[in-house]
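Input: a single structure, listed below in structure tokens.
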Amino acid sequence: MKRVRINAGNVGLVFKNGDYHGVITQGIHWLGFGKTVLQYSMAVAFNTPKELELLLKDENLKAMLHIIEVKDNELVLVFKNGRFSQVLKSGRYAFWKGLMEYEFTTVDLSKIYITEKIDKALFSNAELSKYIRVFEVAAFEKAVFIVDDVYVKTLESGTYRFWRNDTTIKIAKVDLRQLQLEVAGQELLTKDKAAIRINFDTQYKVIDIEKALLENKDFEKQLYVALQLALRAYVGTYTLDELLENKAQIAKVVFEDTKTAATKLGVAVLNCGIRDVILTGEMKDIMNQVLVAQKKAQANVITRREETASTRSLLNTAKLMEENEMLYKLKEMEFVENIADKIGEITVSGNGGMVKQLKEIFAAGK
């Protein structure tokens, strides 16, 4: 006989010559010849050395265990004393009753939606998170939800979680804010064959996400091409001078022309305009020459206008001097004063009028 003690919280399985004979619990037990005992803690899962099916034939042992069957495409979440403990994959598991309070939540992985009552805090748990797919839709976005290449619904902003399985899930997102599209460096020919480059800016907004993503491929590229073609069509009907003078009008025409095409793309064009008109090197030199010639012509016009005004002023003065002798005398003195500024010395006698003598001096010089 052999004396065996089973402490509190433990269980003993009795074997003889490798065959299971029974279960013993807390206390002192006497075993017969050839019998052995394997002790197990009731605080942890029961990992049997034998086939569990054989052991469960003992009704006493079976009553002491939680038997958990996990099928294919299932998970079981184990909660011990109210706290998450582990995730069980497909298989059969046994947990001791009595010492610990266990709860088990079965998850069906064959579906994609998480319908089980699971605390969100567990979704970030490393053991559970590997079975979950997470998609983020920002506050300024919407997304189309596609399952096995079939459109299901449109998702608003938020965090979405789905079970990870063989089902294909795709999320296509669109920014709902006002966006800008730049048609840059477009090399175009005007009506008078002038080669130019234009930078054209457009502000737009996605208004129909299903139309933009499901009915059109690369809607942004299509909008770019629509703007490009409209710009080319209208620039070609203007001469260079007309283009430079009517940039706002051309932008307005392009805006109106692309509104219909944009609507078919699920987009609303809000505003557009020509930012830059860039001349090529040779054309730039020609335009500079034209500008210089124009400015010279304007300067000549101004000079002729001033000369005409000066002559008209002299004619008016001469008429006044002819009619007024005193004004004539004053003008003579002003004339003498101007000449005196340029002559070092003038000698006059005191027996005659100074003005008369100066007049005779200049008259004699002639």
Per the Kirkwood formula on distinct C-alpha pairs, the Rh of region 1-105 is how many angstrom? 14.9
What are the aspartates and glutamates whose alpha-carbon lies under 12 Å from the alpha-carbon of K247, with same-chain residues fewer than 8 places away excluded? D276
Can you tally the net charge around R133? Count Lys and Arg as +1, Asp and Glu as -1, for every other residue whose Cβ sits under 9 Å from the Cβ of R133. +2
What is the sum of charges, Lys and Arg at +1 and Asp and Glu at -1, for the other residues whose Cβ falls under 15 Å from the Cβ of D257? +3
Under Stokes-Einstein, region 109-177 at 20 °C and 1.002 mPa s, with its Kirkwood radius over C-alpha pairs, diffuses with a coefficient in µm²/s of 165
For a quick size check, give me the Cα extents of region 83-131 along its three principal axes, largest first, whole Å. 35, 24, 18
Using the Kirkwood formula on alpha carbons, the hydrodynamic radius of region 212-277 in angstrom works out to 12.6
With the convex hull built on the Cα atoms of region 137-226, state its orientation-averaged projected area in nm². 7.8
Check each of the chymotrypsin sites (Phe, Trp or Tyr not before Pro) in region 9-55 and keep only those in coil by DSSP with at most 11 other C-beta atoms within 10 angstrom; list them in order. F33
Region 241-278 versus region 170-210: alpha-carbon centroid distance in Å: 9
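We did not get these values from a lab; they are worked out from the coordinates using the rules stated. What you see is a predicted model; the values in this text were computed from it and never measured. Here the Cβ is made from the backbone with ideal geometry for all residues, glycine too, and neighbour counts use every protein chain on show.
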